[in-house]
Amino acid sequence: MKIYFLSSQPAALTLNELYFGVTDKFERFAELSLKDNIFVRFTPQNALPIGFFLTEDIRFTPPQGVEVYLLKNAIALYARDFPPADLTLRPVAQLRDGDTLATVFAQGALQLSVQSEKGFFVATLPPAFAQCELFFHLGLILLKTPTALAVYTPKAERVFLENILSYELTDDGLKAVLPLSDRLRRTAECTYLFTEEGCTRTGFILRQENATENAAAELLPYAFFESVLIGANFEEMLADELVLEKENIARFLGDFEAVILTEDANTCGLVRRKGERLFEASYFTVTLQEGKIADIRG
């Protein structure tokens with residue numbers, strides 16, 4: 001079975017103590033059997049490692065600190081929460097906006113504290129923000145690294161976390177260019193609206209490096225499923241015979257949390273939550289006629 005390995009920070013991956021390479025948020029994979037009881041270890045530079053045996057139980061019980069994604073004929077393992085190695089109190093950044101004081105500090109885990117007249121709130125941050133810029137925009141708290149951006153509410157609730165290539169603050173939110181993990185080097189230019197409750201994606205445009213004449217058709221299926229996910233209007237992507245079925249289409253696809261690309265541009269995986277740190281992808285294929293979606297099969 002193909003096993004994909006990813007991690008929230010660069011980590012050395014070993015399989016039965018044999019060095020396999022360095023993992024990060026772009027997947028590496030190997031053909032492995034779950035019956036071989038292989039011991040997997042992710043070892044980051046500034047935290048304790050995550051280790052576990054790769055067995056059939058991985059389909060039902062994710063190891064501590066690891067998210068498991070059940071894919072078609074494959075499994076993706078994302079080592080996300082590494083135990084801290086250093087418990088020393090270390091300030092990273094601090095900024096005040098009116099009566100709100102935001103502080104990023106490390107004491108074991110990396111944390112964000114927010115103190116205001118509404119109370120005192122704390123959130124655990126991804127390790128990637130161990131060195132970050134801290135600033136406010138429209139009442140929300142933004143944390144920026146060279147490759148990632150996070151947004152938190154005044155109650156330290158995370159409402160946005162993405163790898164980014166670039167971003168721009170706007171009068172009502174922000175625009176960001178996100179890398180997509182696929183062989184065609186696609187990117188998504190996304191627009192977000194900030195409100196008192198948080199951050200909502202309101203639109204996106206897909207781009208493809210070295211686009212061919214068929215690029216528009218290759219991008220359409222992914223754009224369609226993403227539009228359903230965020231509640232955007234996707235009627236213009238449908239052939240005439242499907243327009244009247246718009247509401248039924250959303251019900252047919254069901255609830256999902258993310259869209260993943262496959263080697264077939266017309267097929268996408270819709271990621272659904274099965275349990276704590278456990279996700280499963282179901283796959284849907286669209287048929288295109290004259291640049292419109294004429295059929296959807298699950």
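The values are calculated or read from the model by the stated rules, or taken from the named source; none is laboratory data. From a predicted model like this one, the values you see are computed outputs, not experimental measurements. Backbone-built Cβ (ideal geometry, glycine too); neighbour counts: all protein chains shown. To get the accessible areas, we keep the full protein, side chains included, count just its heavy atoms, and leave off ligands, DNA and RNA. Shrake-Rupley method; radii C 1.70, N 1.55, O 1.52, S 1.80 Å.
Is there a residue in region 271-283 that is without any contact (Cβ under 8 Å) to a residue 40 or more places away in the chain and basic (Lys, Arg)?
Taking every residue of region 271-283 in turn, at least one turns out to be without any contact (Cβ under 8 Å) to a residue 40 or more places away in the chain and basic (Lys, Arg).
What's the number of the only condition in (1) in contact with a helix residue (DSSP H, G or I) (Cβ under 8 Å, 6 or more places away or on another chain); (2) modelled with pLDDT of 90 or more; (3) not small (Gly, Ala, Ser) that Glu276 fails to meet?
Glu276 satisfies every listed condition except (1).
Exactly one condition in (1) open to solvent by 90 Å² or more (accessible area, probe 1.4 Å); (2) closer than 19 Å to Arg277 by Cβ is false for Asn73; which is it?
If we test Asn73 against (1) open to solvent by 90 Å² or more (accessible area, probe 1.4 Å); (2) closer than 19 Å to Arg277 by Cβ, just (2) comes out false.
Residues Pro63, Pro10, Pro84: which one is within 27 Å of Thr262 (Cα to Cα) and open to solvent by less than 80 Å² (accessible area, probe 1.4 Å)? Reasoning before the result, please.
Values: Pro10 fails: open to solvent by less than 80 Å² (accessible area, probe 1.4 Å); Pro84 fails: within 27 Å of Thr262 (Cα to Cα).
Answer to the selection: Pro63.
With the requirement that a residue be out of contact with any helix residue (DSSP H, G or I) (no Cβ under 6 Å at 6 or more places or on another chain) and open to solvent by less than 30 Å² (accessible area, probe 1.4 Å), what does region 13-49 give you? Spell out how you get there, then give the answer.
Taking region 13-49 as the starting set, the residues that turn out to be out of contact with any helix residue (DSSP H, G or I) (no Cβ under 6 Å at 6 or more places or on another chain) are 13-33, 35-49.
Hits for region 13-49 are Leu13, Thr14, Leu15, Gly21, Thr23, Ala30, Leu32, Ile38, Val40, Phe42, Pro44, Ala47.
Return the total of residues in region 153-166 being outside any loop (DSSP other than H, G, I, E, B), within 14 Å of the chain's Cα centre (by Cα), farther than 16 Å from Ala130 by Cβ and without any contact (Cβ under 8 Å) to a residue 40 or more places away in the chain.
Residues flagged as outside any loop (DSSP other than H, G, I, E, B), within 14 Å of the chain's Cα centre (by Cα), farther than 16 Å from Ala130 by Cβ and without any contact (Cβ under 8 Å) to a residue 40 or more places away in the chain within region 153-166 amount to 3.
Please go through region 225-242 and pick out each residue that is of a type in the set (D, E, K, R) and open to solvent by 30 Å² or more (accessible area, probe 1.4 Å).
Residues of region 225-242 of a type in the set (D, E, K, R): 226, 235-236, 240-241.
Across region 225-242, the qualifying residues are Glu235, Glu236, Asp240, Glu241.
Go through region 100-126 and give me each residue that's at pLDDT below 95 and either open to solvent by 50 Å² or more (accessible area, probe 1.4 Å) or hydrophobic (A, V, I, L, M, F, W, C) (or both).
Those that are at pLDDT below 95 and either open to solvent by 50 Å² or more (accessible area, probe 1.4 Å) or hydrophobic (A, V, I, L, M, F, W, C) (or both): Ala106, Gln107, Ala109, Leu110, Glu117, Lys118, Thr124, Leu125.
Take the residues in region 1-29 that are assigned to a loop (DSSP other than H, G, I, E, B) and touching a residue at least 60 places away in the same chain (Cβ under 8 Å); name whichever of them is nearest to Leu54 (Cα to Cα). Let's see the steps before the verdict.
Going through region 1-29, the residues assigned to a loop (DSSP other than H, G, I, E, B) turn out to be 1, 8-10, 16-17, 24-27.
Filter once more, so that each one left must be touching a residue at least 60 places away in the same chain (Cβ under 8 Å): 1, 8-9, 25-27.
On the way: Met1: 12, Ser8: 19, Gln9: 21, Lys25: 20, Phe26: 20, Glu27: 17 Å.
Once the filter is applied, the top-ranked residue is Met1.
Test Arg277 against the criterion of being of a type in the set (Lys, Arg), open to solvent by less than 50 Å² (accessible area, probe 1.4 Å) and touching an Asp or Glu at 6+ places or on another chain (Cβ under 8 Å), and give yes or no. Full working, then the answer.
Details: of a type in the set (Lys, Arg): yes; open to solvent by less than 50 Å² (accessible area, probe 1.4 Å): yes; touching an Asp or Glu at 6+ places or on another chain (Cβ under 8 Å): yes.
In short, yes.
Please determine whether any residue of region 243-257 is under 21 Å from the mean Cα position of the chain (by Cα), of a type in the set (A, V, I, L, M) and closer than 19 Å to Glu189 by Cα.
no
Those residues that are within 16 Å of Val122 (Cα to Cα) and hydrophobic (A, V, I, L, M, F, W, C), I need them from region 82-98; list them, please.
Applying the first criterion (within 16 Å of Val122 (Cα to Cα)) to region 82-98 yields 89-96.
Leu89, Val92, Ala93, Leu95, listed by residue number.
Looking at this structure, is Leu165 open to solvent by less than 70 Å² (accessible area, probe 1.4 Å) and either modelled with pLDDT of 85 or more or not hydroxyl-bearing (Ser, Thr, Tyr) (or both)?
Numbers: open to solvent by less than 70 Å² (accessible area, probe 1.4 Å): no; either modelled with pLDDT of 85 or more or not hydroxyl-bearing (Ser, Thr, Tyr) (or both): yes.
Against the criterion (open to solvent by less than 70 Å² (accessible area, probe 1.4 Å) and either modelled with pLDDT of 85 or more or not hydroxyl-bearing (Ser, Thr, Tyr) (or both)), Leu165 does not qualify.
Restricting region 30-70 to residues that are under 22 Å from the mean Cα position of the chain (by Cα) and part of a helix (DSSP H, G or I), which is nearest to Pro10 (Cα to Cα)?
Result: Ile58.
Where residues in region 243-266 are open to solvent by 30 Å² or more (accessible area, probe 1.4 Å) and assigned to a helix (DSSP H, G or I), which of them is farthest from Leu278 (Cα to Cα)?
Among those that are open to solvent by 30 Å² or more (accessible area, probe 1.4 Å) and assigned to a helix (DSSP H, G or I), it is Val243.
Residue under question is Leu184, and the condition is that it be modelled with pLDDT under 90 and either β-branched (Val, Ile, Thr) or surrounded by fewer than 20 Cβ atoms within 10 Å (Cβ to Cβ) (or both); does it hold? Talk me through it step by step, then tell me what you get.
On the way: modelled with pLDDT under 90: yes; either β-branched (Val, Ile, Thr) or surrounded by fewer than 20 Cβ atoms within 10 Å (Cβ to Cβ) (or both): yes.
So Leu184 passes the test.
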